[in-house]
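So the structure is just underneath, and the comments pick up after that.
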Amino acid sequence: MQWDRLEVLFEQALDLPSEERAAFIDEACAGEPMLRRELQSLLAHYEEAPAYLSELAGALPHTASPRPSAFLKADPFGLAGTRLAHYFIHEKLGGGGMGVVYRAEDTRLHRPVALKFLPPHLSGDEQARQRFLAEARAASALDHPNICTIYEIGETESGRTFIAMAHYAGRTLKKVIEEGPLPFEQALDYAVQVARGLEKAHGAGILHRDIKPANVMVTDDGVVKILDFGLAKMANQHLTRTGSMLGTVAYMSPEQARGEKLDQRSDLWNLGVLFYEMLTGERPFKGEYEQAIIYNILHQSPPPPSTLKPNVPQVLDDVVLTCLEPDLGRRYQNATTLISDLSILLHESRAKSVESTVLHARRRSRRSRRVKMAIAVGMVTGATLIALLSPVRNTVLQWVGVETAHSPLHLAILPFSATGTDSTAGDLAEGLRLALTSTLNQLGKYAGKPLRIVPASEVRGLTSAREARTAFGVDQALTGSVIADAVIRLDLTLIDAAALEQLRSVYLTAQPDEVASMQAGLVSSLAELLELTLAPDALAKLTAGGTEDSRAYTLYLKGQVALERLDRPENIDTAIDLFRYALEEDSQYALAHAGLGQAYWHKYKASKDSSWVPLAEASSARALEIEDQLAPVHVTLGTIYLGTGQYENAVRAYSLALALDSTEVEAFSGLGHAYASLNRREEAERAFKQAVRVA
């Protein structure tokens, strides 16, 4: 876009009588459809700007007229720094023919939002506006990780329409593609995510009609969000009467260009054009002006992507060209079929990439690994184990070449975002994250797939999968958000930390007084995300020691949050109180007894007051009376015994823990120290080596 020229034309058009502007635009923008659209949009905004300024911001009277240069360069409606209802508007993010978008804050729920104000030529037609509102409200009910969340569709007092949407940190695909073609695996991943969002919308009877790079956002974690459901229909309805055509013509399907009735296959054509552009950096249908592009869409077949970019596998040609099949009967009939084909290609591509990397690494390091393993085992002592069992052990073990059995999947659960009217939403979000981390530590053994989880305390300051990859070398990261309002909602998304691509997403909901029911759902959701098949009795074992009392469950989660933050001494007392309150609600809550035992033990270590020791021992023992299959509680008891010199009791406690869970690193480490204290050196050495093996 030639912005200097646009500004000159904008100034010239404003000096002309309104009845002469159309002819001026036709002549000045001949053969330049993008320039024409931007100029028309700016003029339409400018004509209405004084009313917007007066009505929405109260900054200028109706007679005021913003200067053209300032209008072009910054804020067309003068809203930055003003308030609209419960939104504080910070800055303009972007704009075009479909409206102007601002970054704002919802001051009631303290969350960032994007506010889109529809341009005057769309919001001024009452019949079209009502049709749009009906469809946009239907779209707002769509609940899917790959669809931008719509919070509110509002109107000002004079009927100006705006949409409040989730604000995501990231870039549009338009910005991404401007840097050049995407690696084909990344393009595949993005296409799959867009198709999944469309599958959800189509299942609800909703079409998008304008899938293009500017309407697809990619977050910093590689999650795709489809924007602007419903807007295209309103634009088309308005422009059908005027004889014009709005939107990016290059992405239109043949039936769309002919003005025919559309169905889900038209959205898949749009996606095919988008996919083609991601792979090649070029659009499949070109032309110097709109009618030439439309002619090519209706009468020409684009060259296969692999002929433009040889690095694109030819197998993708069939998929892309099937999306771009002008015969509706030969095009993909639904998003589900397209997703199936794309997913197979993506899986095979990743498998080949991993296989190549692994074979290369094995050839390069087989000999040195044997040497380093011998050195590592020979050097490991009780003191060294403490280091290996600390959060840095992953880096150490990788350096010395120690491999765990079956190449465990390395995961981190990142801090969850929290919004809602409940002032303790943040504690609830963090409590659920800790519960998920604890569950993941046990989940793998019930599915025969070893997992290695970064301790929850170590990822507290991280915000993205990229940071987790850099800090810990994880394979995948789990992100989440909690909304604590009339309904409690937990959204979970699994991210490939190396490729920064979304793998899968799930969500759970519960009424505030039924939040305890989420316990089983957490286990099932994690298994679904990680594609694990659980043993028949796994769910019962993984939820053992829980409660059906939602208030007790919430108090327990908050107690765990306090116990995790021992950098503040007062949090120990807070945790003790919260676990006690939970037990007042449900005296048979085994995990709350276990948490109280841990809190008492930390109180002893902080105060050196031995009166806390029997309380810690009694609470842990009470937890085991209620549910004796809790391996972590046996570990806590072993730690208490080890710390108070009861070494034989410690051996028994750690052995019971290992009988329940043979992957308990802390149990092997504690057992090694207990044996060493009893001068049973051979048994201590075996325990320490076992700790290294399962770490």
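The values are calculated or read from the model by the stated rules, or taken from the named source; none is laboratory data. Here the structure is a predicted model, which is why all the values come from computation and not from measurement. Cβ: placed from backbone, ideal geometry, glycine included. Neighbour counts: every protein chain shown. Areas reflect the complete protein model, heavy atoms only, side chains present, ligands, DNA and RNA absent. Shrake-Rupley method; radii C 1.70, N 1.55, O 1.52, S 1.80 Å.
Here are a few things to note about the model shown:
- Subset of the range 596-636 [among the polar types (S, T, N, Q) and open to solvent by 50 Å² or more (accessible area, probe 1.4 Å)]: Gln598, Ser607, Ser610, Ser611, Gln629
- Residues being open to solvent by 30 Å² or more (accessible area, probe 1.4 Å) and either assigned to a helix (DSSP H, G or I) or free of Cβ contacts under 8 Å to residues at least 40 places away in the same chain (or both) - total across the range 178-203: 10
- The single condition among (1) in contact (Cβ under 8 Å) with a residue 60 or more places away in the chain; (2) surrounded by fewer than 20 Cβ atoms within 10 Å (Cβ to Cβ) that Ala465 does not satisfy is (2).
- Flag if Ser356 is closer than 30 Å to Glu531 by Cβ and either modelled with pLDDT under 90 or of a type in the set (Phe, Trp, Tyr) (or both): yes
- Test for Ala486: is it more than 14 Å from the chain's Cα centre (by Cα), among the small types (Gly, Ala, Ser) and farther than 19 Å from Thr543 by Cα: yes
- Test: residue in the range 542-549 that is at negative phi and either touching a residue at least 60 places away in the same chain (Cβ under 8 Å) or under 24 Å from the mean Cα position of the chain (by Cα) (or both): yes
- With respect to the conditions (1) polar (S, T, N, Q); (2) over 29 Å from Leu615 (Cα atoms); (3) at pLDDT 85 or above, Gln690 lacks only one, and its number is (3).
- Unique match (being assigned to a loop (DSSP other than H, G, I, E, B) and in contact (Cβ under 8 Å) with a residue 40 or more places away in the chain) among Ser662, Ser669: Ser662
- Those residues of the range 233-251 which are at pLDDT below 50 and either among the β-branched types (Val, Ile, Thr) or under 20 Å from Glu179 (Cβ atoms) (or both), in sequence order: Thr240, Thr242
- Given (1) within 30 Å of Tyr190 (Cα to Cα); (2) in a helix (DSSP H, G or I); (3) open to solvent by 30 Å² or more (accessible area, probe 1.4 Å); (4) in contact (Cβ under 8 Å) with a residue 40 or more places away in the chain, number of the condition Lys558 does not satisfy: (1)
- Within the option set Leu503, Leu478, Leu492, being open to solvent by less than 10 Å² (accessible area, probe 1.4 Å) and over 12 Å from His410 (Cα atoms) holds for one residue only, Leu492.
- Leading residue by the ranking (most open to solvent (accessible area, probe 1.4 Å)) among those in the range 270-314 that are charged (D, E, K, R) and over 12 Å from Phe184 (Cβ atoms): Glu288
- Subset of the range 204-232 [in a helix (DSSP H, G or I) and at pLDDT 85 or above]: Pro213, Ala214, Asn215
- Qualifying position, being at pLDDT below 85 and closer than 30 Å to Leu624 by Cα, among Leu532, Leu462: Leu532
- Test: Leu526 is outside any helix (DSSP H, G or I) and among the hydrophobic types (A, V, I, L, M, F, W, C): no
- Given (1) free of Cβ contacts under 8 Å to residues at least 12 places away in the same chain; (2) over 21 Å from Ala429 (Cβ atoms); (3) open to solvent by less than 60 Å² (accessible area, probe 1.4 Å); (4) not basic (Lys, Arg), index of the condition Ile576 fails: (1)
- Residue match in the range 583-590 (condition: aliphatic (A, V, I, L, M) and out of contact with any Pro (no Cβ under 7 Å at 6 or more places or on another chain)): yes
- Scanning the range 130-148 for residues that are surrounded by fewer than 19 Cβ atoms within 10 Å (Cβ to Cβ) and modelled with pLDDT of 65 or more returns Gln130, Leu133, Ala134, Arg137, Ala138, Ala141, Asp143.
- Matching residues, the range 1-13, being at pLDDT 65 or above and surrounded by fewer than 16 Cβ atoms within 10 Å (Cβ to Cβ): Arg5, Val8, Glu11, Gln12
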